[in-house]
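Read-outs: derived from the displayed coordinates by stated rules, not from any lab. What you see is a predicted model, and the numbers here were worked out from it, not measured in a lab. Using ideal geometry, Cβ is built from the backbone for each residue, glycine included, and neighbour counts are taken over all protein chains shown.
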Amino acid sequence: MIVRKERRILRFRNEEFEILSHTYQCVDTGYQFEDDVFAQLNYDQVINQYKEKYPNAEP
């Protein structure tokens, strides 16, 4: 298994945010997936960008 990092656009509250997505990739099958840690890391990137854009809003 290898760790892949790639730029992705995620939608949150009808807006697009670019993050550095972290996933695992199976060497044999090419299947990509994320565990709980990577899912939280990817989600936190979106939330942080949203909070930066709207400092008084709650996500």
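Scoring 37-44, 22-29 by mean Cβ neighbours within 10 Å over their residues and listing the highest first yields 37-44, 22-29. Computed over the Cα atoms of the chain, the ratio of the radius of gyration to the Kirkwood radius (Rg/Rh) comes to 1.07. Rounded to the nearest 10 degrees, the inclination of helix 36-53 to the longest alpha-carbon principal axis of the chain is 30 degrees.
Charging the Cβ of each Asp and Glu at -1 and of each Lys and Arg at +1, and nothing else, the dipole of the chain about its Cα centre rounds to 200 debye.
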